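The values are calculated or read from the model by the stated rules, or taken from the named source; none is laboratory data. Predicted, not measured: the structure shown is a model, and the values here were computed from it. Ideal geometry is used to build each Cβ from the backbone, glycine not excepted, and the neighbour counts take in all protein chains shown.
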């Protein structure tokens, strides 16, 4: 069932022209540089998203474990690039392939847009998971359920990381399965598929306050992870190439 995402109404409409693309359960909110938008763009992306979904569904039909396994099932060859990226992310982060699906979709749609409008800034949000290409810093609000950081704290990512994936997982909010109890774990990687998989993996480790330190050590030792935020109740750890800031208004700078 479609669920309206109210947070999409409070984003920066001067920097980006936003449009929505929905194909079955996939619901993308896409922003591009306003003067580079054109009317056929949503149709082009809808067709491309349908192709990506068909590749994923084909892999699931041939290998049902691709859908339901919570652990890696090995490298999936010859099922399309999105399936390959999901399986690689799964192996790296030690989670099931579907833990990377939202990030992988955002990433590949972003790359498609980049090939069509290469000079545009681009942001794609898919269930809270983001792929972004940007020329100036972007600031993103942190949603962390009942934590005191929620809605009051943000982080800024500088363009030296662009393009990149910015993905979150929570054991307390949202519909995705998590074995952890973190209010929020957000990961930044060059690949959004990897960021999505790592967010799930590290969130699974945070079942209490001590889990923050475990997740922090793993994030700090991973070459994949460029930025890291983990929140458990009213405690937060952050590291990497990001800047934590106070949220000065209700409007995202992206």
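Brief remarks on what is shown
- Residue under evaluation residue 61, criteria (1) modelled with pLDDT of 95 or more; (2) over 28 Å from residue 119 (Cβ atoms); (3) surrounded by 13 or more Cβ atoms within 10 Å (Cβ to Cβ), criterion not met: (3)
- Test: residue in region 139-156 that is within 25 Å of residue 69 (Cα to Cα), surrounded by 18 or more Cβ atoms within 10 Å (Cβ to Cβ), touching a residue at least 40 places away in the same chain (Cβ under 8 Å) and in contact with a strand residue (DSSP E or B) (Cβ under 8 Å, 6 or more places away or on another chain): no
- Failed condition for residue 42, given (1) touching a strand residue (DSSP E or B) at 6+ places or on another chain (Cβ under 9 Å); (2) buried (at least 20 other Cβ atoms within 10 Å of the Cβ); (3) on the phi < 0 side of the Ramachandran plot: (2)
- Residue within region 30-42 that is touching a helix residue (DSSP H, G or I) at 6+ places or on another chain (Cβ under 8 Å), modelled with pLDDT of 95 or more and either over 25 Å from residue 138 (Cβ atoms) or in a strand (DSSP E or B) (or both) present: yes
- Region 117-145, subset under 24 Å from residue 239 (Cβ atoms) and out of contact with any helix residue (DSSP H, G or I) (no Cβ under 9 Å at 6 or more places or on another chain), residue modelled with the lowest pLDDT: 145
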